[in-house]
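Laboratory data are not the source of any read-out in this text; all were calculated from the coordinates shown. Predicted, not measured: the structure shown is a model, and the values here were computed from it. Methodologically, a virtual Cβ is constructed for each residue, glycine included, from the backbone with ideal geometry; neighbour enumeration extends over all protein chains shown.
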Amino acid sequence: MTVVQDPSQWQAPAWLDAATRAAMMAAAQAARLQAHVPYSHFQVGAAVLDEHGQIHPGCNVENAAYPQGVCAEGGAISAMVLAGGRQIRAVLVVGDAPSWVTPCGGCRQKIREFAGHDTPILLANPQGWQATLTLEQLLPHSFGPDHLV
Ligand SMILES: [Zn+2]
């Protein structure tokens with residue numbers, strides 16, 4: 001299957017400046033190298049930017065009981081919550097694959113718990129930033145905390 005990649009959608013929003021993007025990339029790249037992936041050998045790193053401007057990294061951690069493994073994004077979100085963050089301003093995911101490495105379906109929902117529809121999700125490979133999508137593009141018509149008020 002060919003992924004439709006519209007270059008007009010690859011740009012990060014203006015408020016997410018280059019320095020912050022670079023810091024998120026560095027955090028995610030460093031986290032990726034710590035991944036515990038003895039089964040898939042597929043290292044993923046993530047970085048979550050919270051409402052305080054803090055960046056929280058995460059890496060995937062596999063388990064011999066396969067379903068017990070956790071994704072990089074989930075680890076980053078746990079770190080954010082532990083540090084007091086409750087709003088996700090941006091997410092960066094880095095993995096090494098021929099096409100974009102996007103958050104899995106479960107992680108899209110985990111991000112949704114703390115993020116708005118227009119939250120940018122930056123996709124990168126080890127060579128650099130590739131594209132930016134919004135959470136709405138990745139998880140349209142989503143269910144979230146606003147449904148439970
Ligand atoms: Zn995931």
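How big is the charge dipole of the chain about its Cα centre, in debye rounded to the nearest 20, if each Lys and Arg gets +1 on its Cβ and each Asp and Glu gets -1 on its Cβ?
Using only the charged Cβ atoms, the result is roughly 180 debye.
Mean residue ellipticity at 222 nm from the helices of the chain, using -39,500 (n - 2.57) per DSSP H segment of n ≥ 4 over the full residue count, to the nearest 500 deg cm²/dmol?
-7500 deg cm²/dmol
With each label point set 7 Å from Cα along the Cα-Cβ vector, what nm distance links Ser142 and Asp118?
1.5 nm
Size of the stretch 10-137 along its principal axes in angstrom, Cα-based, largest extent first?
Rounded to whole Å, the extents work out to 41, 31, 25 Å.
Report the Cα centroid-to-centroid distance between the stretch 3-76 and the stretch 85-149 in angstrom, as an integer.
Cα centroid of the stretch 3-76 versus Cα centroid of the stretch 85-149: 10 Å apart.
Considering only Gln11, Ala23, Gly116, whose Cα is most displaced toward the positive end of the charge dipole of the chain, charges sitting on Cβ of Lys, Arg (+1) and Asp, Glu (-1)?
Value computed over the given set: Ala23.
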